[in-house]
Amino acid sequence: MNDHNHFKFSPSTWIIPTFMLLSIWFVFYIDHSFHLHLNEHGILPRTFSGLQGVVFSPFLHGDLNHIASNSLPLFILSTALIYFYREVSLKVLAYGILLSGFLTWVIGRDSYHIGASSLIYVLVSFIFFKGLRTQYYRLMALSFAVVLLYGGMIWYVFPQPEIVGESSISWEGHLAGLLTGFVFAIRFKTPDYIKDIQYDWEKPDFNPQEDAFMKRFDENGNFVNPPKLEELEVEQEEIVSQPIQYVYVFKEHKDDEPVSE
């Protein structure tokens with residue numbers, strides 16, 4: 001698939017990320033304004049009531065610093081996902097929330113796990129590994145850009161307190177998101193991206209031995225100047241002039257035929 005027909009900016013590219021961002025901020029505002037203590041609806045591992053957090057946890061945040069640190073990465077990464085991987089973007093977002101949440105419910109500590117960081121790790125992992133698997137230059141560049149911006153997040157998937165820095169950080173959720181994105185990068189299929197062919201040497205059937213420019217190089221790769229004009233033998237075709245032949249057809253005139261004047 002040609003990338004000019006595939007990578008197109010549409011309103012959904014920014015509407016969906018904006019809606020997600022407004023949703024988590026709206027929930028945060030309602031929770032802290034009316035003291036609803038919605039954090040109790042987060043993921044509580046290996047409990048039946050804690051399963052509700054698989055769906056609700058990405059929209060719940062503990063404090064202003066928590067939601068602020070998640071907002072910008074969530075918006076940037078989800079926008080990049082929808083723009084570059086439009087066909088599978090909704091699957092990655094929806095299934096990413098469910099699968100990463102369920103894995104957190106399985107391996108997590110006995111405390112409430114909340115926040116959109118698990119989904120952020122899903123997006124980082126999927127965009128990075130998928131770009132490498134496609135071997136397409138634009139998507140690989142996107143993968144390296146993600147590493148450049150968010151590569152330091154890898155340290156927050158480990159349980160060591162001296163690396164995590166804060167015991168309240170859900171490294172289990174981060175690890176679940178990283179694994180989920182990796183699985184999605186393998187399972188979800190994307191189109192075969194084809195670069196536009198601009199030159200003859202980019203064609204698969206290109207034969208350098210028949211190319212006029214490549215013939216100007218010898219076996220050692222040295223450029224050989226074309227022969228001078230006076231050295232070229234110009235063959236002129238002999239022009240044979242033939243006389244023009246005229247053919248006269250005589251028609252007998254009858255007396256009963258009218259004569260036009």
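Summary of values
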| item | result |
| --- | --- |
| Residue in the stretch 78-89 that is of a type in the set (K, R), more than 19 Å from F28 (Cβ to Cβ) and modelled with pLDDT of 95 or more present | no |
| Answer from V106, V147 - the residue that is at negative phi and either touching a Phe, Trp or Tyr at 6+ places or on another chain (Cβ under 8 Å) or surrounded by 13 or more Cβ atoms within 10 Å (Cβ to Cβ) (or both) | V147 |
| From the options L142, L148, residue that is touching a residue at least 40 places away in the same chain (Cβ under 8 Å) and hydrophobic (A, V, I, L, M, F, W, C) | L142 |
| Matching option when the condition is more than 22 Å from A94 (Cα to Cα) and among the β-branched types (V, I, T), among I30, I16 | I30 |
| Evaluation of D110 against (1) assigned to a helix (DSSP H, G or I); (2) in contact (Cβ under 8 Å) with a residue 40 or more places away in the chain; (3) of a type outside the set (S, T, N, Q) (one fails), failing number | (1) |
| Selection count where residues are surrounded by 19 or more Cβ atoms within 10 Å (Cβ to Cβ) and of a type in the set (A, V, I, L, M, F, W, C), scope the stretch 130-141 | 1 |
| Test: residue in the stretch 205-215 that is under 30 Å from F7 (Cβ atoms), modelled with pLDDT of 65 or more and under 38 Å from the mean Cα position of the chain (by Cα) | yes |
| Helices (runs of 4 or more DSSP H) fully within the stretch 1-96 counting 1 or more residues that are exposed (fewer than 11 other Cβ atoms within 10 Å of the Cβ) | 3-6, 11-34, 64-84 |
| Scan of the stretch 164-201 for residues that are more than 21 Å from S143 (Cβ to Cβ) and modelled with pLDDT under 80, ordered by number | V164, G165, E166, S167, S168, D196, I197, Q198, Y199, D200, W201 |
| Members of the stretch 37-68 that are closer than 23 Å to W105 by Cα and without any contact (Cβ under 8 Å) to a residue 12 or more places away in the chain | H37, T47, F48, S49, Q52, D63 |
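The values are calculated or read from the model by the stated rules, or taken from the named source; none is laboratory data. From a predicted model like this one, the values you see are computed outputs, not experimental measurements. With ideal geometry, Cβ positions are generated from the backbone for all residues, glycine too; neighbour counts draw on all protein chains shown.
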